[in-house]
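Here's the structure we're looking at; comments come further down.
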Amino acid sequence: EMQIYHLHKGRRRLPVISVMIQAAATGDDTGAAGETLGHNDYLQHAIDAFQYEYDTNMAQCATALMTRSGSVQNQELRQRKLQQGRSLETSGNSTSGINELISTTFGSHEKFLHYANLMRTGSDFQSEKEEHGRRLSEIWHPYDSSIMPTIYFFGYDGSLTEPPCTEIVSWFVMDTPMTISRYQLEQMKSILFTNVDSETCQPTSVHHQNSVARPIQETGSRQVWRCTRNDFPP
């Protein structure tokens, strides 16, 4: 689901557009072609922007861990140890904690090294990130037809889906979902579920069993209406 919030100063209610997202069915094709079936080129621009932020957080986390593991002057020695599959050595009781963070956050020392070097002097990562952000601001719009495939919707007055769940939202749920590929779905799940704080390296996601959806709530006395083409004059 993609939610578009419209913030209006002084307004008591918050209009939110909700677009459901469906991954294209791969059928019997489980190879690369099946993974990219239904690829949404327009949405990918936004996904890439989030990927750059994700990679930045991972790189800053890796750099912080490298610094904590010893002096900067010994960095090349530490990298050689990592390339040889050896754990980082630190003084005191912090050794196991840092190595555990590397294991749980990056999964492998190779991946850790990749992120540790991502933003070093001579890397093109930062300039590529800034260039992508500039292009995105010029071309991307949340109401493009590939993002918003319909103008018809279900509507109701409800609440925020996160604490404090205040009853101030006017929901407009589009009646046709956008389509993405299985690969894009997995990329978004990785970004959302495995992102870390750049300083503490702690996970930022509050997902439960690979879902961040709030449990379905009873409608109570709320009225739910549907707007279709019949509600528009010819």
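The values are calculated or read from the model by the stated rules, or taken from the named source; none is laboratory data. Just so it is clear, the structure is predicted and the values come from calculations on it, not from any experiment. Ideal geometry is used to build each Cβ from the backbone, glycine not excepted, and the neighbour counts take in all protein chains shown. For the accessible areas, the whole protein counts, side chains as well, though only heavy atoms, and no ligand, DNA or RNA atoms are used. Shrake-Rupley method; radii C 1.70, N 1.55, O 1.52, S 1.80 Å.
Helix-derived [θ] at 222 nm for the chain: sum -39500 (n - 2.57) over DSSP H runs of at least 4, divide by residue count, nearest 500?
-12500 deg cm²/dmol
Efficiency by 1/(1 + (r/R0)^6): what FRET value for residue 175 and residue 120, r their Cβ-Cβ distance, R0 = 45 Å, to the nearest 0.05?
0.40
So who's got an amide H within less than 5 Å of the one on residue 40, skipping anything under 5 residues away but keeping other chains? H placed 1.01 Å off N, in plane.
The answer is 181.
Measuring from a point 7 Å past the Cα of residue 156 along Cα-to-C-beta, which residues in region 189-225 have an amide N at less than 12 Å?
Inside the label zone: 216-225.
Probe 1.4 Å, all protein chains in place: accessible area of residue 138 in Å², nearest 10?
130 Å²
Dipole of region 175-234, Cα-centred, from +1 at each Lys and Arg C-beta and -1 at each Asp and Glu C-beta, to the nearest 20 debye?
For this selection, approximately 260 debye.
Which one, 21, 126, 145, is farthest towards the positive end of the dipole of the chain when Lys and Arg carry +1 and Asp and Glu -1 on their Cβ?
126
Using the Karplus equation 6.51 cos²θ - 1.76 cosθ + 1.60 (θ = phi - 60°), what ³J(HN,Hα) coupling, rounded to whole Hz, does each residue of region 111-123 give in order, writing x for Gly and Pro?
Rounded to whole hertz, the list is 5, 4, 5, 4, 6, 4, 9, 4, 10, 6, 4, x, 6.
Rounded to a whole number, what % of the accessible area of the chain do carbon and sulfur atoms account for, probe 1.4 Å?
In the chain, the share of accessible area belonging to carbon and sulfur is 52 percent.
What's the angle, to the nearest 10 degrees (0 to 90), between helix 94-106's Cα axis and the longest principal axis of the chain?
Between helix and principal axis, roughly 40 degrees.
Using the beta-carbon distance between residue 42 and residue 202 and R0 = 30 Å, what value does 1/(1 + (r/R0)^6) give for FRET efficiency, to the nearest 0.05?
My answer for the efficiency is 0.35.
In region 115-143, whose amide N lies under 18 Å from the spot 7 Å out along Cα-to-Cβ of residue 191? List them in ranges.
Taking a point 7 Å out along Cα→Cβ of residue 191, the residues of region 115-143 whose backbone N falls under 18 Å are 125-143.
Roll a 1.4 Å probe over the protein chains and send me the accessible area per residue for the chain in Å².
With the other protein chains kept in place, the chain gives 64 Å² per residue.
Looking at (1) 73, 41, 38; (2) 62, 50, 40; (3) 58, 43, 28, which value of Cα extents along the principal axes in Å comes from a calculation on the structure shown?
Computed from the coordinates, Cα extents along the principal axes in Å corresponds to (1).
Going by the alpha-carbon gyration tensor, a ≥ b ≥ c the square roots of its eigenvalues, is region 151-228 rounded (a/c under 1.5) or, if a/c is not under 1.5, prolate (a/b greater than b/c) versus oblate?
The shape class here is oblate.
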